[in-house]
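Report on the following structure.
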Amino acid sequence: MVAPIVFIGDSITEAWGFHRAETFAAHDLIPRGGSGQTARWITMRFRRDLDETGARGVHLLCGVNDIGRNEGFFVPADEIGRTLAGMLDEARAMGVTAWVGSIMPAARIPWNPEVPDAPAMIAAVNAWLRDHAHEHGATFIDYHAVLGDGSGALRRAYTTDGLHLSPAGYKAIEPLMLSALGRAPVGDVHHAPGGATRRKFGGRWRAVLAAAVAIVIAGLILMLALR
């Protein structure tokens, strides 16, 4: 049995657990996303989420709400990075394996158009995480590279509003996520056409067939004995 991994983050994580619920269930991934939460707010529940879930791994993904100024003020990119690093340090101290995901691409912050040059801020936070995650015992996962259109924005097929991911967006980053976490893709276990279903139920049907053969043989033996 694989050790559970808790996904801690904001609305991106919250919706991930909803849109890809089957993947989360298949791989013992536990979603703990909170819509609108900044990295600083998430620090206040980080240890509690680890304790309550009993997870031995944590996937951390947040920071865009800090860029969006959800607490009403500007937060520099390196400060956002250090806030995430503090949580990674806490995970390491608890003996919990950690991964930190890049902030997703966005051309703008939908709820706060006053934020200037969101792509540059996102790139700065991601660069900080890429450069420093290993210093805090974590593995950096670059979702931005998969989802971006090259201009700093999300590809249209992968988003609902320019920032949040569509079901197709979550599906696009799933192989990268599972690979980084050391999990086999769900398709290899549950969804391969025909073959996976046979693998899943093959043992059950073999048992039924064996029981049927045993009954037939027992019947023949009984008939011969009564002659």
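Observations, loosely collected:
- Scanning segment 62-74 for residues that are in contact with a Pro (Cβ under 8 Å, 6 or more places away or on another chain) and either of a type outside the set (Lys, Arg) or closer than 23 Å to Leu176 by Cβ (or both) turns up nothing.
- Some residue of segment 147-161 being within 22 Å of Gly57 (Cα to Cα) and in a loop (DSSP other than H, G, I, E, B): no
- Consider segment 30-56 and keep the residues that are in contact (Cβ under 8 Å) with a residue 40 or more places away in the chain and among the aliphatic types (A, V, I, L, M). The one that is surrounded by the fewest Cβ atoms within 10 Å (Cβ to Cβ) is Leu50.
- So Pro105, is it in contact (Cβ under 8 Å) with a residue 24 or more places away in the chain and in contact with a His (Cβ under 9 Å, 6 or more places away or on another chain): yes
- Tally, over segment 6-26, of residues that are buried (at least 20 other Cβ atoms within 10 Å of the Cβ) and either over 12 Å from Leu165 (Cα atoms) or not assigned by TED's automatic domain parsing to the domain that holds Leu60 (or both): 6
- A single member of Glu90, Glu14, Glu79 is without any contact (Cβ under 8 Å) to a residue 24 or more places away in the chain and more than 22 Å from Ile173 (Cα to Cα), and it is Glu79.
- Note on segment 13-58: among residues that are of a type in the set (Val, Ile, Thr) and under 18 Å from Ala98 (Cα atoms), the one that is farthest from the chain's Cα centre (by Cα) is Thr43.
The values are calculated or read from the model by the stated rules, or taken from the named source; none is laboratory data. Everything numeric in this text was worked out from a predicted model, so none of it was measured. Quick reminder, even Gly has a Cβ in these numbers, built from the backbone with ideal geometry, and neighbours come from all protein chains shown.
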